[in-house]
Amino acid sequence: MAGASVALRNVSRLFELGSEEVWAVRDVTLSVEPGDFLALIGRSGSGKTTLLNTIAGLDRPTGGEVEIDGERVDTMSEAELIALRRQKLGFIFQSFGLLPLLSAQENVELPLRIAGVHRDRPARAREVLELVGLERRAHHRPYELSGGEQQRVAIARALVTEPTLVLADEPTGELDSATATAVFTLIRDICRERGVSIITCTHDRLVMEMASRVEELEDGRLVTGHRGDVWGRVQSRERSPFEAPEGEDEASQSLPSLIGADTRNFGVLDSESEPEPEPEAPEEVEDIPEDRWARPT
């Protein structure tokens, strides 16, 4: 199976919020070759998810062109977009998006059911569940699965229709680091084996290291530069405020400088010039007569 190719030319997306105009994406041009693994990085609100939705046809650009395998996505009708998503696209979401009343196998079968596949539906669902190592969990509902298992069900659901392009929006955002490593290694290996193209939005350093390409969005614009430049910017942004500056040993930093304490030196006042405190007046003590608590006669 050959992966899909994607081409974006001067893509922009403008949102009008009352009298305010917000450019979520602005003049983005990039291409993805078949089998590529592209990681889109950037701060929250930089336009990553909007760009992903534009590629999927879930949102239409204000300007520019979006193509998948040479077909213009931005000019397709709604019926054509539905057919495109059913035939070529697989989606993986941060929050898994599993239906709670359906079993793992039924969740995986759902895209096939919507596409009108009847005959091979159970067999194909079991095949991809086995691929992600969850064949024994096929009849468990989402609340009976761990976070990593739920995401693996979501991966199986994305792959059951045999897409040529997988779009993943923060797929490891709700997972611990060990589970995130296992999940994305699985996505990468399966897609590489099947020749599927991947575009993912991420903040995860592991995903950036796995990707064949990394592109950065900043305020809706694509930041130009080599992979090393992008990686350097990410590292500098993630640098801890408690980390020693470059060229300085962490051990040489004093505790006050680390916590931002006031290190100004105030001299001790001369004892002769220090005013003596005024003597405190003795407190008045109420004289309580001995017969105060006597029973009245």
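Observations
- When you filter the trypsin sites (Lys or Arg not before Pro) in segment 107-171 for DSSP loop state and at most 14 other Cβ atoms inside 10 Å of their Cβ, you are left with ARG119.
- Neighbour net charge for VAL22 - beta-carbon separation under 12 angstrom, K R +1, D E -1: -2
- Normalised per residue, the volume of the convex hull around the Cα set of segment 121-199 (Å³): 89
- Student exercise, segment 86-209 dipole from Lys, Arg, Asp, Glu Cβ charges, in Debye to nearest 20: 460
- Least to most buried among LYS48, LYS88 (fewest other Cβ within 10 Å first): LYS88, LYS48
- Using only the C-alpha atoms, the convex hull of segment 1-120 corresponds to 156 Å³ per residue.
Coordinate-derived values only; no laboratory data. Please read all numbers here as calculations on a predicted model, not as lab measurements. A quick note on method: Cβ atoms are made from the backbone with ideal geometry, for glycine too, and the neighbour counts reach across all protein chains shown.
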